[in-house]
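Input: one structure, supplied below.
The values are calculated or read from the model by the stated rules, or taken from the named source; none is laboratory data. The structure displayed is predicted, hence computed values, not measured ones. Quick reminder, even Gly has a Cβ in these numbers, built from the backbone with ideal geometry, and neighbours come from all protein chains shown. In case anyone asks, the SASA skips ligands and DNA or RNA and just uses the protein heavy atoms, side chains included. Shrake-Rupley method; radii C 1.70, N 1.55, O 1.52, S 1.80 Å.
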Amino acid sequence: MIEVGVGAVVSVLTGVALWAVLPRGVVLTREQLTQGYDGKPLYNTWRIRNDSALPVRFTGVTYTGVNTFNPATDQIEVLDLPSWVPAEQEADLGISLSLDDEVAELTRDADELRWDEVVVPPGDTLTAYVNLNRTLSIQYRRAGRLGLFERRTLRIDGGV
C-alpha cells in the first residue's frame, strides 16, 4: 500500500513539474502587410502578433544582412537590434521593429528599455520592416519564471 501512495505522489509531482516548465502554446505569428492604413502599398513590412493566451517576453532581437558584412573576417555578423533606431539611420540599417501601441512605444523609448526587457501581452502587435537581403530574428519565451526553460524564435527574411 505504501508503494502505491509513493507512486501516486511521484506521478503528481512529475505532472506538476512538467506542466510548469513545458511550453503551453506561446506563439508569435507574422503576416506580410500589403497595404497601409491609408491604402498605399507597403513593401517588406510584417505585422507580428502574440497569438497566445500568455504574455511573451523577448530574450533578444538580432539581425543580419548585407550591411553586417565584416571584411576583416570575411563573414556576415549577427548584431543586436537597438531598441530605438533614429530615423536617419533606419534607411541605412534596413530593419526596424516597433510596438503598435503608441503609449508602450513612447514608454520604451523614454525609459531606454532593451528588447530583452519587452513583454508583449496577449493579442498585442508589432510592426517590422525588413528590407531586401536582411534577416530579423526575434528570440522569445513565455513571460514569468515558468518560461525560463522555453526558447522560441521568429525569423523574418526580407525580400519578395
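Can you tell me which residue in region 34-48 is nearest to Ile156 (Cα to Cα), limited to those that are in a loop (DSSP other than H, G, I, E, B) and of a type outside the set (Ser, Thr, Tyr)?
Gly36
Could you list, in sequence order, the residues of region 148-160 that are within 11 Å of Thr59 (Cα to Cα) and surrounded by fewer than 16 Cβ atoms within 10 Å (Cβ to Cβ)?
If the condition is that a residue be within 11 Å of Thr59 (Cα to Cα) and surrounded by fewer than 16 Cβ atoms within 10 Å (Cβ to Cβ), then Leu148, Arg151, Thr153 are the ones that fit.
Would you check which residues across region 122-149 are of a type outside the set (A, V, I, L, M, F, W, C) and assigned to a loop (DSSP other than H, G, I, E, B) and list them?
Pro122, Gly123, Asp124, Asn131, Asn133, Gly144
Quick one: Leu97 ticks every box in (1) modelled with pLDDT under 90; (2) surrounded by fewer than 15 Cβ atoms within 10 Å (Cβ to Cβ); (3) among the aliphatic types (A, V, I, L, M) bar one, so which box is it?
(2)
Here is a follow-up. Residues being over 10 Å from the mean Cα position of the chain (by Cα) and open to solvent by 40 Å² or more (accessible area, probe 1.4 Å): count how many of those fall in region 132-147.
Looking only at that region, the number is 5.
Go through (1) open to solvent by 40 Å² or more (accessible area, probe 1.4 Å); (2) under 21 Å from Arg47 (Cα atoms); (3) at pLDDT 90 or above for Asp116 and report which single condition fails.
Of the numbered conditions (1) open to solvent by 40 Å² or more (accessible area, probe 1.4 Å); (2) under 21 Å from Arg47 (Cα atoms); (3) at pLDDT 90 or above, the odd one out for Asp116 is (3).
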